[in-house]
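Asks: I am attaching a structure below and will ask some questions about it afterwards.
Readers should treat all values here as calculations from the given coordinates under stated rules, not as data from a laboratory. Just so we're clear, the structure is a prediction, and the values are computed from it rather than from any experiment. Cβ sites come from the backbone with ideal geometry, for glycine too, and all protein chains shown count toward neighbours.
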Amino acid sequence: MSNLNEINSQVIDPKVVKTEGAGKAYQSVANSMAITVQDATDYLRTNLMVSAAVSAVCLEKMLENVPVNVGLYAPVLAAAQANVVTATENFTKVGTAAANVLKNFPSG
């Protein structure tokens with residue numbers, strides 16, 4: 001019975017409970033930040049695919065009739081390229097913010 005009492009006293013020690021709770025909270029926040037970065041990665045990947053498809057179509061259309069179509073499709077091509085820049089900036093901001101949240105969260 002003394003062994004059980006010894007284990008109980010260690011398991012329910014407020015210091016241990018507090019430390020374990022803080023560790024679990026930190027792990028939960030870390031998991032949430034990882035999911036956030038994964039979502040930002042998916043967003044970036046999707047925007048890259050859409051922008052690549054738009055760029056391919058624009059270039060194809062431009063080459064069909066250069067004098068007429070270049071003026072029509074150049075702004076669309078520029079917008080697709082700008083979309084990639086914006087998505088990349090968003091990914092960087094989300095990653096940096098997630099890292100800051102984790103860095104500033106108490107771990108125990």
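Asks: Please identify, among 70, 85, 94, the residue showing maximal mean-square fluctuation in a Gaussian network model of the chain using a 10 angstrom Cα cutoff.
Replies: It is 70.
Asks: Ok, one more. Determine by what factor the alpha-carbon radius of gyration of the range 51-98 differs from 2.2 N^0.38 Å, reporting the quotient.
Replies: Values: Rg = 14.3 Å, N = 48, 2.2 N^0.38 = 9.6 Å.
This ratio for the range 51-98 stands at 1.50.
Asks: In a GNM of the chain with a 10 Å cut-off on Cα contacts, which of 34, 97, 56 has the highest mean-square fluctuation?
Replies: The residue that fluctuates most here is 56.
Asks: A further question follows. Take the Cα of residue 38, step 7 Å along the line toward its Cβ, and report every residue of the range 80-107 whose backbone nitrogen sits under 18 Å from that point.
Replies: Within reach of a label on residue 38, which here means backbone N under 18 Å from a point 7 Å along Cα→Cβ, the range 80-107 contributes 91, 94-96, 98-99, 102.
Asks: Which semi-axes, in whole Å and largest first, does the equivalent ellipsoid of the range 24-104 have when worked out from the alpha carbon gyration tensor as the square roots of 5 times its eigenvalues?
Replies: For the range 24-104, the semi-axes come out at 39, 10, 5 Å.
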